[in-house]
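Just dropping this structure here.
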Amino acid sequence: MASSNSVVVKLGGTLAELAGTKQLCVELPGEPTLAEVAALVGVAPNLVMLYAVNGTLRAADYRPSPGDEVLLIPAVAGGQLTGR
Amino acid sequence: MNGYAGKILRVDLSTGKTWTEPVDPKLAREYLGGRGFAARLIYDEVKGAEALGPDNRLVLASGPFAGVFLPAGAKATFAAKSSATGLYGDANVGGHLAAELKYAGYDAIVFQGSADRPVYLFVDDETVQIRDASRLWGKGAIEAEVALKDELGEDYQIATIGPAGENLVKYACVGHDIGRQAGRTGAGAVMGSKRLKAIAVRGSQTVPVADIEALRRISKEMFLKVKADPGLQVWHDYGLGSVCSWANSIGAFPTRNFSSGYFEGIDGIDHHAMRERIIVGSKACFGCPMACGKFSRVKERGVWVEGPEYETTALIGGNCALNRIEDVAYANYVCDELGLDTISAGNVIGFAMECFQRGVIDERTTGGLAVRFGDVEAFVTLANRIARREGIGDLLADGVKQTAAVWGKGSESYAIQVKGLEWSGYESRGAPAMMLAYMTADIGAHHNRAWAITYDIAQGREKVEGKAAKVIDLQHVRPLFDCLGACRLPWVEMGLDLKYYAELFPAVTGLDLSWEDLLQVSERVYNLTRAYAVREVPGFGRSHDYPPERFISEPVPDGATAGSRIPRDTLDALLDDYYGLRGWDKTGRPTGVTLRRLGLGDVAEELAARGLVE
C-alpha cells in the first residue's frame, strides 16, 4: 500500500533482476536524489544509464516528489551484469 | 530448407560470370549463416591472398532469421580478408538488405575477382547482371545510393561505397539505407578493389519456415514484450546517443585520442543536445519495433544524416574534442558520404591531432593544416584527404598502426588499436573485462563481440577473477546473432530473454539444435577465425592480443576512473585465464584437441601440417 511519502520505482531489463522485481513502492527517507533512490532498491547508480520521472528524463541528482513514478533504465539490459 | 532461401549467388567480376550453388545443409547446420557462412567460406577460399587483390572474396550473407517476422531479422554481414588487419574481418548492417536478399532467393552473395571497370551488381530475383557503374564512380556513398534508387526504384535495397572505398582506404565502409553502414574492417576497400561500386537487390519470394504457428506465437510475444518495456520510449526518443552521458559518468568516454575517459564538453553532444537541436525523426530496420536510428538535420550546414549514434559521437565527438552536436553530426555526414568508418576515422584523426599537439608532426607534414583538437574544419579536411589519399591523407588512410610506424617518436604507444583495427567507443583502463574483450575480439579492437563493461561495474572494477569466463560467454552469445541474421539490440537493450531465440530457431528452421548447440556453433566460428589468423599472419599469437602501451602504463588523468591503468602482469593473467578456458595454448593458438572438439578436424590437420599447432 503506497503511503503519502512514497514513489513507484520501475526497473528496466537486468536492473529488475538485480532488484528482484520489476516494480516496487519505495518509502522516501527525506528527499533523496534519483541516484539515492536507485541505491535504495539495490541498484548501483553507475549501472543506471537514464532516469525518468513521470515520463520525463531527469538527471541523477533530481529529487522526486511523493507520488512520482520513477523509471530506472539500465546501460544495457541483456544479461551482462551477472555471472555465467 | 526452412529458414533459408537455399542458394548462394556466386559472382566472378574478372570473367563476368555469375552462377548459383545450393546451400549445403551441413554448412547451414554447422555455421548457421551470416558471419558463420562468411568465416567458413573465407577460411576455405582465401589462402594467402592479398586483402585488396582479386583473389580475396567479398561475402554478403544473411542468416536464417533474416527476413522472417520477428524483432528484428534485419542483419546482413559483409566479410572478407580484412584490408585493415589482414585477418578475417566482418561488419554487419541493418536496414532492409538482408531481408531483400532472402526474398530474391539468396542466402549469400560471394564476389571474387576484379572488374576491369566500375560496375554494380543488379539482382531482381533470378535476373542477375553485372552493370556498368562508370557514372557512379566518384560519387558519395549516399549520393550513389540515391542515384540508383532514382534509376531502379525505391523497392531496390542498395549497398554502396564512397570515394574512400574506391581509393582503397583500409577502413572504408559499405553504406546502405541512406545512412547505415557495415562499418568495420574495411569491407568497403575490398569492394573498391573489385571495382564494385554497388549492389542492388529486389526480391519477390518468401522464406519458408518450419512451424508458422509457433513462429507467430513466439514472435508476437517478443513484440509485445518489447512494446511493454518501460524503456522503449527512451530508445524511440534518443536512440543509442543516450549512452554518451552514462559512458562519460563512468569514465569510459573516449576523449582526446583516449588520453582520458571523461569529456568536459559532454553536455554539448549528449542525447539532450541531439533531441533538442538536430533530431527530426526515427528510423527502424526491417521488422524492428525499437526504431533506435535517429534521423537528424544540421540546419547550419544544410545536411541530413542518420545518427550520430553512440560510437560516432564517442569517436568523432569526445575523441576529437568536438563539443557541439551539430559539428559531430556534420562530420558524421561527411564520413558517411565519403564511405569512411566513423570509428576508425575518429581514431585516426584524433591520433593525428595528438601528434600535432605533441609536435610529432607539424604543418610541413599536414600540408599547412593546423590539426587541432576541437576543430571540425580540420576534421572534415582530413577526412576528405584520407578518402582521396591526398597528401597526409595517403598515410592516414592506412590506419593508426601504420601511421605510427612511419611517424615514430613514441607515437606507437598512443596509436589506439589492436591487431591493426582502431579501438571503438569505450576507454577501458578501469574495466578489465572490457579491456580483455577488446584484446581478444577476433576482428581487432571492437566492442560488438563482448560488451562487458557493465559486468566490470557490477562485479568490481579492480577484480580480475571471473572476467575471462564472462568475456568468452559474451563472445559466443553476441556474435551468434550475426550468424542468425538478427539484431541483438532487443536482447541487449530491452532485455528480451534469450529463451525466445532458442525457441525461434527450431520454429524457423526445423533443425533440432538447442541453445547450447547454437552457442557451440558460435564457439566453432570464433575458433575458426582465430585459426585463420594463425594460418594467414606469420607469427600470429599472444603478442597480437595486447592493447597499446598507453593503456598499460599511463594512468587515466581524470574522471571516474582517474588513476586507472592495467599493468602488463594483470593483462598476462587475464590472457592466461582466457586462453586456458578456451583451450588455446600459452601462445594464444587453438590446440588441435580444441579444434577437433568443435568439429574443426580439417582445420586442425591443415594447421598441423603447416607446423602451426601441435
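The values are calculated or read from the model by the stated rules, or taken from the named source; none is laboratory data. Quantities reported herein were computed from a predicted structural model and do not represent experimental measurements. FYI the Cβ positions are ideal-geometry reconstructions off the backbone, even for glycines, and counts take in every protein chain you see.
Within the range B:46-146, considering only strands (runs of 3 or more DSSP E) that don't extend past its boundaries, which have at least 2 residues that are more than 19 Å from the chain's Cα centre (by Cα)?
On the way: elements: B:58-61, B:76-81, B:88-93, B:108-112, B:119-124, B:127-132.
Those strands (runs of 3 or more DSSP E) span B:108-112, B:119-124, B:127-132.
Does B:Asp569 count as surrounded by fewer than 21 Cβ atoms within 10 Å (Cβ to Cβ), in contact with a strand residue (DSSP E or B) (Cβ under 8 Å, 6 or more places away or on another chain) and among the charged types (D, E, K, R)?
Criteria not met by B:Asp569.
Matching residues to (1) touching a residue at least 24 places away in the same chain (Cβ under 8 Å); (2) facing another protein chain (nearest Cβ under 10 Å); (3) in a strand (DSSP E or B); (4) within 14 Å of B:Tyr426 (Cα to Cα):
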residue	(1), (2), (3), (4)
B:Ala214	yes, no, no, no
B:Leu224	no, no, no, no
B:Trp235	yes, yes, no, no
B:Ser242	yes, yes, no, no
B:Trp246	no, yes, no, yes
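Something else: Kindly indicate which of B:Ala141, B:Ala91, B:Ala98, B:Ala104 is modelled with pLDDT of 95 or more and in contact with a Leu (Cβ under 8 Å, 6 or more places away or on another chain). Break it down stepwise before answering.
Details: B:Ala91 fails: in contact with a Leu (Cβ under 8 Å, 6 or more places away or on another chain); B:Ala98 fails: in contact with a Leu (Cβ under 8 Å, 6 or more places away or on another chain); B:Ala104 fails: in contact with a Leu (Cβ under 8 Å, 6 or more places away or on another chain).
Sole residue among the options that is modelled with pLDDT of 95 or more and in contact with a Leu (Cβ under 8 Å, 6 or more places away or on another chain): B:Ala141.
While we're looking at this one, here's another question. Go through the range B:560-577 and give me each residue that's outside any helix (DSSP H, G or I) and without any contact (Cβ under 8 Å) to a residue 60 or more places away in the chain. It would help to see each step written out before you state the result.
Of all residues in the range B:560-577, those outside any helix (DSSP H, G or I) come to B:560-567.
If the condition is that a residue be outside any helix (DSSP H, G or I) and without any contact (Cβ under 8 Å) to a residue 60 or more places away in the chain, then B:Gly563, B:Pro567 are the ones that fit.
Looking only at the range B:488-511, count every residue that is within 14 Å of chain A (Cβ to nearest Cβ) and either of a type outside the set (A, V, I, L, M, F, W, C) or touching a His at 6+ places or on another chain (Cβ under 6 Å) (or both) and tell me the total.
Within the range B:488-511, the subset within 14 Å of chain A (Cβ to nearest Cβ) is B:488-502.
Now restrict to residues that are either of a type outside the set (A, V, I, L, M, F, W, C) or touching a His at 6+ places or on another chain (Cβ under 6 Å) (or both): B:488, B:490, B:493, B:495, B:497, B:499-501.
Summing the residues that are within 14 Å of chain A (Cβ to nearest Cβ) and either of a type outside the set (A, V, I, L, M, F, W, C) or touching a His at 6+ places or on another chain (Cβ under 6 Å) (or both) in the range B:488-511 gives 8.
Here's a follow-up. Within the range A:46-70, track down each residue that is assigned to a strand (DSSP E or B), facing chain B (nearest Cβ under 10 Å) and more than 15 Å from B:His271 (Cβ to Cβ).
The one that is assigned to a strand (DSSP E or B), facing chain B (nearest Cβ under 10 Å) and more than 15 Å from B:His271 (Cβ to Cβ): A:Glu69.
I've got another one for you. Filter the range B:450-464 for residues that are within 11 Å of another protein chain (Cβ to nearest Cβ) and more than 15 Å from B:Met439 (Cβ to Cβ) and give the result. Step through it out loud before you land on a result.
Start the filter on the range B:450-464 by keeping residues that are within 11 Å of another protein chain (Cβ to nearest Cβ), which leaves B:450-461.
Selection gives B:Thr454, B:Tyr455, B:Ile457, B:Ala458, B:Gln459, B:Gly460, B:Arg461.
Taking B:Gly485 as the residue in question, decide whether it is within 14 Å of chain A (Cβ to nearest Cβ), touching a Ser or Thr at 6+ places or on another chain (Cβ under 9 Å), on the phi > 0 side of the Ramachandran plot and in contact (Cβ under 8 Å) with a residue 60 or more places away in the chain.
Working: within 14 Å of chain A (Cβ to nearest Cβ): no; touching a Ser or Thr at 6+ places or on another chain (Cβ under 9 Å): yes; on the phi > 0 side of the Ramachandran plot: yes; in contact (Cβ under 8 Å) with a residue 60 or more places away in the chain: yes.
No; evaluated as a whole, the condition is false for this residue.
Please go through the range B:578-599 and give me each residue that is assigned to a helix (DSSP H, G or I) and hydroxyl-bearing (Ser, Thr, Tyr), ordered by number. Write out each step before concluding.
Taking the range B:578-599 as the starting set, the residues that turn out to be assigned to a helix (DSSP H, G or I) are B:578-582, B:592-597.
B:Tyr578, B:Tyr579, B:Thr594 - these are the residues of the range B:578-599 that are assigned to a helix (DSSP H, G or I) and hydroxyl-bearing (Ser, Thr, Tyr).
Quick one: in the range B:463-486, which of the residues that are touching a Pro at 6+ places or on another chain (Cβ under 8 Å) and part of a loop (DSSP other than H, G, I, E, B) is surrounded by the most Cβ atoms within 10 Å (Cβ to Cβ)? Talk me through it step by step, then tell me what you get.
As a first pass, look at the range B:463-486 and keep what is touching a Pro at 6+ places or on another chain (Cβ under 8 Å): B:463-464, B:467, B:484-485.
Among the residues that remain, those that are also part of a loop (DSSP other than H, G, I, E, B) are: B:463-464, B:485.
Values: B:Lys463: 11, B:Val464: 16, B:Gly485: 32.
Selected residue: B:Gly485.
Within the range B:154-162, can one find any residue that is in a helix (DSSP H, G or I) and touching a helix residue (DSSP H, G or I) at 6+ places or on another chain (Cβ under 7 Å)? Can you show your working first?
Of all residues in the range B:154-162, those in a helix (DSSP H, G or I) come to none.
Checking the range B:154-162: not a single residue is in a helix (DSSP H, G or I) and touching a helix residue (DSSP H, G or I) at 6+ places or on another chain (Cβ under 7 Å).
Do we find a residue being more than 18 Å from B:Met222 (Cβ to Cβ), touching a residue at least 24 places away in the same chain (Cβ under 8 Å), within 14 Å of another protein chain (Cβ to nearest Cβ) and of a type outside the set (Asp, Glu) anywhere in the range B:512-525?
yes
Run down B:Phe286, B:Phe373 and say which single residue is out of contact with any Pro (no Cβ under 9 Å at 6 or more places or on another chain), buried (at least 19 other Cβ atoms within 10 Å of the Cβ) and more than 24 Å from B:Glu145 (Cα to Cα). Can you show your working first?
Numbers: B:Phe286 fails: more than 24 Å from B:Glu145 (Cα to Cα).
Residue meeting the stated conditions: B:Phe373.
Still on this structure, I have one more. For residues that are modelled with pLDDT of 95 or more and part of a helix (DSSP H, G or I), scanning just the range B:250-274, find the one that is surrounded by the fewest Cβ atoms within 10 Å (Cβ to Cβ).
B:Asp267
Can you name the residue in the range B:248-272 that is within 15 Å of A:Tyr51 (Cα to Cα) and in contact with a Gly (Cβ under 9 Å, 6 or more places away or on another chain) and, of all such residues, is farthest from the other protein chains (Cβ to nearest Cβ)?
At the first step, the residues of the range B:248-272 found to be within 15 Å of A:Tyr51 (Cα to Cα) are B:249, B:270-272.
Still in the list and also in contact with a Gly (Cβ under 9 Å, 6 or more places away or on another chain): B:249, B:270-271.
Working: B:Ser249: 7, B:Asp270: 11, B:His271: 8 Å.
Here the answer is B:Asp270.
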